[in-house]
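Shown next, in structure tokens, is the structure this report addresses.
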Amino acid sequence: MMITQTEGQIYLAGQRGCSQLSWFRSFHTFNFGLYQDHNREPFGNLKVLNDDTLAAGKSFKMQLAENTEMILLPVVGAVEYTNSLGETGILEAGQMQIFSAAEGMEYEISNPYEKELINFIQIFLKNNQYPFVPKVQEINIDLENRNQLFPLFSPGQNGLTTHQETFGFIGKYSGRKEDLYHLKNPENGIFVFIIEGAFEVQNRLMETRDGLSLRNLDELEFEALSNDAIILILEVSGV
């Protein structure tokens with residue numbers, strides 16, 4: 001009998017790349033812009049996971065170099081957005097947006113507040129499948145039902161839909177609560193990102209803004225080590 005070894009790589013919050021201006025700071029889990037490290041290559045179709053902070057009244061614009069699912073997840077405050085589809089609006093903490101952008105499309109993110117900083121997560125999923133239909137989707141995230149995973153997106157089952165075989169879940173857990181995530185496809189990989197608090201994930205200690213990629217597993221075991229701990233789980237293809 002052959003035993004498959006689970007492969008894992010941890011991305012400590014303090015070892016991420018960083019781009020910083022006086023009014024904007026972005027931590028990069030993977031290679032992004034001028035930050036390039038051979039140990040920070042994309043994980044399958046997961047190309048970018050940036051943890052961004054934007055000063056009051058400031059904005060920035062991005063152009064997508066390829067067909068991309070751009071996932072925007074406000075953590076603190078609200079984000080004002082516009083994009084090449086003519087969509088504009090406000091996205092608050094407790095909501096999430098997927099902008100399915102074709103190559104060359106742009107979006108702009110602004111801080112609508114006069115004094116407060118905002119913090120948000122940007123996730124890029126690569127997609128060159130045909131057909132690719134540009135669109136915007138939004139969802140309200142319910143974290144009041146604690147100690148369980150809330151579905152964010154999938155290829156067309158629960159939550160919002162993506163063009164590729166990618167599944168996203170988020171959950172808020174009380175201390176010492178355990179849970180199990182069963183992969184939809186064992187050939188996929190798992191990427192875990194801790195938004196808040198501390199967890200033990202597959203016997204690895206993970207704290208706020210740490211990441212972990214895993215291959216060759218059928219299920220993911222995790223336990224919250226602090227109250228109100230928030231975990232993001234991405235099952236991605238192409239690993």
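Key figures
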quantity	calculated
Fraction of accessible area attributable to carbon and sulfur, the chain (%, probe 1.4 Å)	44
Residue 184 accessible area, assembled protein chains, probe 1.4 Å, Å²	110
Per-pair calculated FRET efficiency, R0 = 35 Å: residue 116 and residue 183 via Cβ, rounded to 0.05	0.35
For residue 148, net neighbour charge (Lys/Arg +1, Asp/Glu -1) across residues whose Cβ lies under 12 Å away	-1
15 Å tail of the calculated P(r), the range 1-99, as % of Cα pairs	70
Check: the chain dipole with +1 on Lys, Arg Cβ and -1 on Asp, Glu Cβ, in debye	340
Correct option for Rg and Dmax of the Cα atoms in Å [calculated from the coordinates] among (1) 16.9, 57; (2) 17.2, 63; (3) 25.9, 119	(2)
Protein-only accessible surface order, largest first, of 59, 22 at 1.4 Å	22, 59
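The values are calculated or read from the model by the stated rules, or taken from the named source; none is laboratory data. Quick caveat, the model's predicted, so the values are computed rather than measured. Neighbour counts run over all protein chains shown; Cβ positions are idealised from the backbone, glycine included. Note: accessible area is taken over every heavy atom of the protein model, side chains too, but ligands, DNA and RNA are not part of it. Shrake-Rupley method; radii C 1.70, N 1.55, O 1.52, S 1.80 Å.
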